[in-house]
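One structure is given below, encoded as structure tokens.
Bear in mind these aren't lab numbers, they're just calculated from the coordinates by the rules spelled out. Since this is a predicted model, take the numbers as computed values, not measurements. Quick reminder, even Gly has a Cβ in these numbers, built from the backbone with ideal geometry, and neighbours come from all protein chains shown.
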Amino acid sequence: MKIVFAGTPEFAVPSLDRLYENKHDIRLVITQKDRPRGRGKKIQFTPVKEKALEYGIEVFQPTNINSLDSIEKLKEIQPDFIVVAAFGQILKREVLDIPRYGCINVHASLLPKYRGAAPINWAIINGETETGITIMNMEEGLDTGDIISQKSIFISEDDDCQSIHDELAILGAELLIETIEDIVAGNAIYKVQDDNKSSYSPMIFKNTGKIDWNNGAKDIVNLIRGLKSWPVAYTSYKGDNMKIHRADALCERSKGIPGEIIKVSNDGLYVKALDGVVVIRELQFPNKRKMKIREYLAGNDIEEGIILE
């Protein structure tokens, strides 16, 4: 199959890998512009661009994929498929109509739940116990196209955004190959989404991670799990930003007010929440690396009775 692949972050790389490994004719890889990343703010290639260059595939980085130049370039290729995986731009009708078999999208949720930019994060933040991959036929709406295939996975209490991201990236790549084969063979079944069952997963920003200690302990821990490894949930200790990388919820009564550190031990920091206790196991202060509580307390003090804000 003659394929144009559009993707940007790490999530999309396994899908590109599998298309390449299965000998599909990848004529072009489209990805977002290179941007400054890391502490040094150096311009870096997107993960998909790095992989495409490794394979010797032409890379195209338009400001707008729907521009006349982009459309002309795609029409010259005459692809059988445009495959999209976390690309970061919405495709308009002029682009959607170009490929022979259509534009298909690898989406990290069980549509119609969690349409939008951050389905993995919000599934965990909202305490879901199941998520998955949907391959859909793209329309102009936001993740509203017909469902072609789906596979689900279980979210355990030990999972976080990073672990589910990695699992879904691999699952999405596998399902993508199967779905392309079904479409070409004429065996694919297209299912219209039920908009009444839809939900939205908006973009994640740094301030999404601000912890409100008046929430329940489990809700706070779900926020921490859902924002690992970026932007990381945080609170304030004596005016310093404290990032929390790992924590557990205890459903037990305790004295104190929400946000109060009620116990400090090598096992963790015990913080009062609305309906229980959050035990912080791993944290990070400004200009320091993340540490387990035992390691941090070996060279630093944390006071009981302080109110985290």
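Note on 45, 5, 154: ascending count of other Cβ atoms within 10 Å places them as 154, 45, 5, the fewest first. Around the Cα centre of the chain, unit charges on the Cβ atoms of Lys, Arg, Asp and Glu (plus for the first two, minus for the last two) sum to a dipole of about 1040 debye. Full extension of the chain segment joining residue 195 with residue 230 gains 9.6 nm, where the gain is 0.36 nm per residue of separation less the Cα-Cα distance. For the cross-link pairs 75/206; 41/191; 51/75; 218/238; 197/272; 33/75, which exceed 32 Å when the distance is taken from alpha carbon to alpha carbon? Cα-Cα > 32 Å for 75/206; 41/191; 197/272; rest within.
Could you compute the FRET efficiency for residue 53 and residue 76, with r as their C-beta to C-beta distance and R0 at 22 Å, rounded to 0.05?
Working: r = 21 Å, r/R0 = 0.96.
Efficiency, from the Cβ-Cβ distance: 0.55.
Between residue 250 and residue 146, the FRET efficiency from the beta-carbon distance, with R0 = 35 Å, is close to 0.20.
Measuring between their Cα centroids, region 233-268 and region 1-73 lie 42 Å from each other. Modelled spin labels at residue 292 and residue 266, positioned 7 Å past Cα toward Cβ, are 1.0 nm from each other. Rounded, prolate or oblate: which fits region 60-136 when a ≥ b ≥ c are the square roots of the eigenvalues of the alpha-carbon gyration tensor, with rounded for a/c under 1.5 and prolate only if a/b beats b/c? In terms of gyration-tensor shape, prolate.
DSSP bridge analysis restricted to the chain gives an antiparallel fraction near 70%, rounded to the nearest 5.
Each of the peptides 169-178, 219-228, 131-140 was scored by the mean count of other Cβ atoms within 10 Å over its residues; in descending order, highest first, they stand as 219-228, 131-140, 169-178. Less than 5 angstrom separates the built amide H of residue 210 from those of 234, all sequence-distant by 5 or more or on a different chain. Given their separation in residues at 0.36 nm each and the Cα-Cα distance between them, residue 25 and residue 205 gain 61.1 nm when the chain is fully extended. Annotation: peptides 274-283, 67-76, ranked by per-residue average of other Cβ atoms within 10 Å with the highest first, follow the order 274-283, 67-76. With Cα atoms defining each centre, region 286-305 and region 163-215 are spaced 37 Å apart in the structure.
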